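The values are calculated or read from the model by the stated rules, or taken from the named source; none is laboratory data. Only a predicted model underlies this, so the values are computations on that prediction, with no experimental measurement involved. FYI the Cβ positions are ideal-geometry reconstructions off the backbone, even for glycines, and counts take in every protein chain you see. Please note that ligands, DNA and RNA were not included when accessible areas were found on the heavy atoms of the full protein model with its side chains. Shrake-Rupley method; radii C 1.70, N 1.55, O 1.52, S 1.80 Å.
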Amino acid sequence: MTRIKVNVDGTAYEDDVEPRLLLAHYLRDRLGLTGTPIGCDTSNCGACTVDLDGQSVKSCAVLAVQADGGAVTTVQGLARNGAWTALQRAFHERHGLQCGYCTPGMIMAARDLLRENPHPTSDEIRQALEGNLCRCTGYQNIVRAVLAAAEEEDTSARPETHQVTEEATA
């Protein structure tokens, strides 16, 4: 057994784990964070994507011991005080999911993209999500959702402007 300390979704954990335990299984089986699905166990589908120290990783391809001393954010850790992020809202409002199995990984990978490129094109979004498979949607609504989230984030980041009208100055 190996002792690890890891911060997951803002909570510190200290556990003894088998050195071969995958991060995906640690999150799901030890911590009960089942919002990170395991789709393939071969890192091909991307459903289990999480953020590890600022980078999106497929948690079925990372050992829990590799997260020792690190910070993990799962899709369950994104919302603050019950309020969804712009990206989560956009996936919901733009129907960026059908069965929902790939959605956590898509959101986490898209989040990573938007951190690095806040104004992606449709082609850049498709390229960034290449490692995440969806068997239901055809990706159109997923791309639309990411574009909408980028637009919302861009709008919310702008300083508020006040327009002076003739009525206000009269």
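Tabulated results
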{"read-out": "Whole-number percent relative contact order across segment 25-108, with pairs defined as alpha carbons under 8 Å at least 6 apart", "value": "33 percent"}
{"read-out": "Dipole magnitude (debye, nearest 20) for segment 1-123, charges at Cβ of Lys, Arg, Asp, Glu", "value": "260 debye"}
{"read-out": "Carbon and sulfur %, accessible surface of segment 1-63 computed with the full protein complex present, 1.4 Å", "value": "45 percent"}
{"read-out": "Residue among Thr74, Thr36, Thr137 with the largest mean-square fluctuation in a Gaussian network model of the chain, springs linking Cα atoms under 10 Å", "value": "Thr137"}
{"read-out": "Relative contact order (percent, whole number), the chain, Cα cutoff 8 Å, 6+ residue spacing", "value": "22 percent"}
{"read-out": "Solvent-accessible heavy-atom area per residue, rounded to whole Å², over the chain at 1.4 Å", "value": "57 Å²"}
{"read-out": "Residues with amide H under 5 Å from that of Thr49, placed H, sequence gap 5 or more", "value": "Ser59, Gly105"}
{"read-out": "Furthest towards positive pole of dipole, Val6, Pro37, Ala109, structure part the chain, Cβ charges", "value": "Pro37"}
